[in-house]
1. Taking springs between alpha-carbon atoms closer than 10 angstrom, which of 47, 19, 101 fluctuates most in the Gaussian network model of the chain?
2. For residue 90 paired with residue 126, estimate the spin-label separation in nm (one decimal), with each label point 7 Å from Cα along the Cα-to-Cβ line.
3. For the stretch 93-111 and the stretch 43-57, compute the distance between their C-alpha centroids and round to whole Å.
4. For the stretch 2-134, would you read off the P(r) tail past 20 Å as a percentage of all alpha carbon pairs?
5. For the chain, take the longest principal axis of its alpha carbons; what is the angle in degrees between that and the long axis of helix 81-105, to the nearest 10 within 0 to 90?
6. Between residue 133 and residue 8, how high is the FRET efficiency from 1/(1 + (r/R0)^6) when r is the Cβ-Cβ distance and R₀ = 22 Å? Nearest 0.05.
7. Using only Cα atoms, find the angle between the long axis of helix 36-63 and the longest principal axis of the chain, and express it within 0 to 90 degrees, rounded to the nearest 10.
8. Quick one: helix 2-30 against the long Cα principal axis of the chain, what's the angle to the nearest 10°, folded into 0 to 90?
Ligand SMILES: [Fe+2]
Ligand SMILES: [Fe+2]
C-alpha cells in the first residue's frame, strides 16, 4: 500500500512540475519593462529545471509501476514582477509539500527512494529560499557596517 501512496504523491509532484513549466514560461512571455532584461531568461531557466524534474519524476513513476499524469496543477499568471514571484513561491511550496508527503509514504527500509526524494526536496528548498529572497520574505540584518580585517 505504501507504494500506491508513493506513486500517488509522485503524480501530484509531477502535476506541479508540469504547472511550473507552463507558469514559468508564461511569466517569461508576460514580463515587460526593464525587468524583462534579466527575468525573461531567469523564468525560462526555471521552466527548464521544472522540465528536467518532470522527466525524472515521470520516469520514476513508471519504474514504480504507475502511469504518469499528463494534467498540470493550477497555473497562476500575472503581469507585474512581484506578483509573479509571489505566485512562483506559492507553487514551489506546494511542490515541496508533495515531495515531502512522497518521502513520508516510503517504507522505512526503502532507502533508495528516500535518498532520491531527499535530493528533489533539497532542490525545491533552494528554489523556495531563492524566491523568498527575491520577494524579500527572507532578509538579513547586518550589525556592523564596517568590516575590519584582522592582521595576520
Ligand atoms: Fe521541481
Ligand atoms: Fe522547484
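1. 101
2. Roughly 2.6 nm, to one decimal.
3. The two parts, judged by their Cα centres, are 19 Å apart.
4. 42 percent
5. Relative to the chain, helix 81-105 is tipped by roughly 40 degrees.
6. In this case the efficiency is close to 0.10.
7. 20 degrees
8. For 2-30 against the chain, the angle is about 40 degrees.
Here, each number is a calculation from the coordinates, and none is a lab measurement. Fair warning: this is a prediction, and the values are worked out from it, not measured in the lab. Every residue, glycine among them, receives a Cβ derived from its backbone with ideal geometry; neighbour counts consider all protein chains shown.
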